[in-house]
Amino acid sequence: MLLIYNPFGSFSQDIMIFKNFSNLIYAVSTISDANMSFKTGPKEEVLANRQRFAQKIGIEPNFISVHQVHGNKVLVVSNNDLGKSEKEADAIITKEPNIFLLIGSADCLAISFSDPKNKTIGLSHAGWRGLDKKIIKQTIFKMKQHFKTDPRDLIIEISPSIGPCHYGNLSLKNKKSWEKYFSKDADNSKGLDLWQAAKDQLTKEGVPDKNIANLKVCTFDNKNYFSNRRSNLTKEPDSRFATILGVK
């Protein structure tokens, strides 16, 4: 049975790209669920928030998360990693059921990788640095290496994240690989399309276009989600929401 937690009904149809993956758990928390990252809050408070969210969506709080550093390291995890301190990495992959991968974000993309053929999953944290360092390529390579995943079988969901409407970074404009992702009126506050950059990297690795879903919910615009860029402007809490992926 497929279980998807989604507080906003308008998301349901797009998320159903996961419909052929039985027993999948996919969930995205919101500001109302509070901070989900040890990086931006006390450990005891974050653990309590995660436990409440697990209860809310009907799963055990068997979460495995990583200390995200905007790099391209991928960890293979198992039940042996439950309860252990976070390791530095920006992607997590597993073949074991009943553990739930968790990525915290507040503008960066959380990219869910599901291989229904081999019942394997992965979850990557990808801001511009991660995309520039090919975190997507590394995640798919590790899934191929450890689980024999064929990229043509992968189903991808991109979480709420900052859109080109509110993200700019002119320091990248002189890098040839980023040129095409800037709009003509781009500046440091808008015009850089991380969503398209991620999609292009996915298709380059062999993921079919039809298997990639992006809700295109901008975290700066949508105040149901934390946004690092918005918090810098408004002085609201700089916290993280969670994207969770697992197989029961």
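The phi-based Karplus calculation (6.51 cos²θ - 1.76 cosθ + 1.60; θ = phi - 60°) puts the 3J(HN,Hα) values of the range 51-68 at 5, 4, 5, 4, 5, 4, 9, x, 10, 6, x, 8, 8, 10, 10, 10, 7, 7 Hz, whole numbers, x for Gly and Pro. For Glu44 and Lys190, the FRET efficiency from 1/(1 + (r/R0)^6), where r spans their Cβ atoms and R0 equals 35 Å, is about 0.35. When the chain is treated as a Gaussian network with alpha carbon springs shorter than 10 Å, the biggest mean-square fluctuation among Cys218, Cys108, Cys165 belongs to Cys165. Stretched out straight at 0.36 nm per residue, the stretch from Lys210 to Asp153 would grow longer than its current Cα-Cα span by 19.4 nm. Karplus-derived 3J(HN,Hα) values for the range 107-117, using 6.51 cos²θ - 1.76 cosθ + 1.60 with θ = phi - 60°, are 2, 5, 7, 9, 9, 8, 10, 10, 10, x, 5 Hz; glycine and proline are entered as x. Result for the chain in a Gaussian network model with C-alpha springs under 10 Å: among Asn224, Asn80, Asn214, the largest mean-square fluctuation is at Asn80. Residue by residue, the range 24-31 carries 3J(HN,Hα) couplings of 7, 10, 10, 8, 10, 7, 10, 4 Hz when phi is fed to the Karplus relation 6.51 cos²θ - 1.76 cosθ + 1.60 (θ = phi - 60°); x denotes Gly or Pro. Helical content alone sets the calculated 222 nm signal of the chain at -6500 deg cm²/dmol, taking -39,500 (n - 2.57) per DSSP H segment of four or more residues and averaging over every residue. Which residue fluctuates the most in the chain, going by a Gaussian network model with Cα springs under 10 Å, if the choices are Gly41, Gly122, Gly71? Largest GNM mean-square fluctuation: Gly41.
Every number in this text was worked out from the coordinates using simple rules, so none of it is lab data. Computed from a prediction, not measured in an experiment: that's the story for all the values here. In this analysis, Cβ positions are derived from the backbone assuming ideal geometry, glycine residues included, and neighbour counts consider all displayed protein chains.
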